[in-house]
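In what follows, a structure is listed as structure tokens, so that the remarks can point back to it.
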Amino acid sequence: MRKLILPLVMALSLCSCKNNADLFNGEYSFKTSGNIQLSMNDGRLKDFELTDELGTLQIERLYKDSNDSVIILKNVFGGGVEVVKAAAYGDSLVLSPYTKTMEIVLNEAADHLATLDVYRADVMVSGNGYMYGNCIVIHEKYDGILFADGMEAGTLDSGDIVTVARRNE
């Protein structure tokens, strides 16, 4: 009987470990921040700091019979909702690329006059993340096109957009 107890305890402990989709399942509070680089059609290069986004993330299994597909509902306070599909492998997430539209406002000064230039950006977002305890850290990459008055005005890209999400207890 004693020889049977140790293997049973080990088997039960392995079965109770969360992984893949189950590890990430839940509600989180998040903050997204970072910088993007703008390359204007007139040759100007600009660094632009994103306004921090705060809100809640809800992560759920995408399909009941799949343990590696999740859906992320990113609800930005004072903004919209982004729906993102991702694959969960162990303690890591890989985001499926998705598009979003952003508004970028640049405060520019020329000849002692300040102007506000407003651009719309169509952005392709990709990224990956990892679970650390009760937190997820997601590194995102933005690539997109800037538009002003319906005309293409330049491109944008990034390498350091970070979302940090803490599980709500």
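Please treat every number below as a calculation from the coordinates, not as lab data. Bear in mind the structure is a predicted one, so any value in this text is a computation, not a measurement. Cβ atoms come from the backbone with ideal geometry, glycine included; neighbour counts cover every protein chain shown.
Miscellaneous remarks
- Residue list for region 126-152, filter: buried (at least 19 other Cβ atoms within 10 Å of the Cβ) and among the aliphatic types (A, V, I, L, M): M131, I136, I138, L146
- Those residues of region 111-169 which are more than 10 Å from the chain's Cα centre (by Cα) and acidic (D, E), in sequence order: D111, D117, D122, D143, D149, E152, D157, D160, E169
Every residue, every condition in (1) among the aliphatic types (A, V, I, L, M); (2) more than 25 Å from M40 (Cβ to Cβ), yes or no:
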{"site": "D65", "(1), (2)": "no, yes"}
{"site": "V76", "(1), (2)": "yes, yes"}
{"site": "A86", "(1), (2)": "yes, yes"}
{"site": "L95", "(1), (2)": "yes, yes"}
{"site": "A114", "(1), (2)": "yes, no"}
{"site": "V118", "(1), (2)": "yes, no"}
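- Wholly enclosed strands (runs of 3 or more DSSP E) of region 28-87 bearing at least 3 residues under 16 Å from L146 (Cβ atoms): 35-40, 45-49
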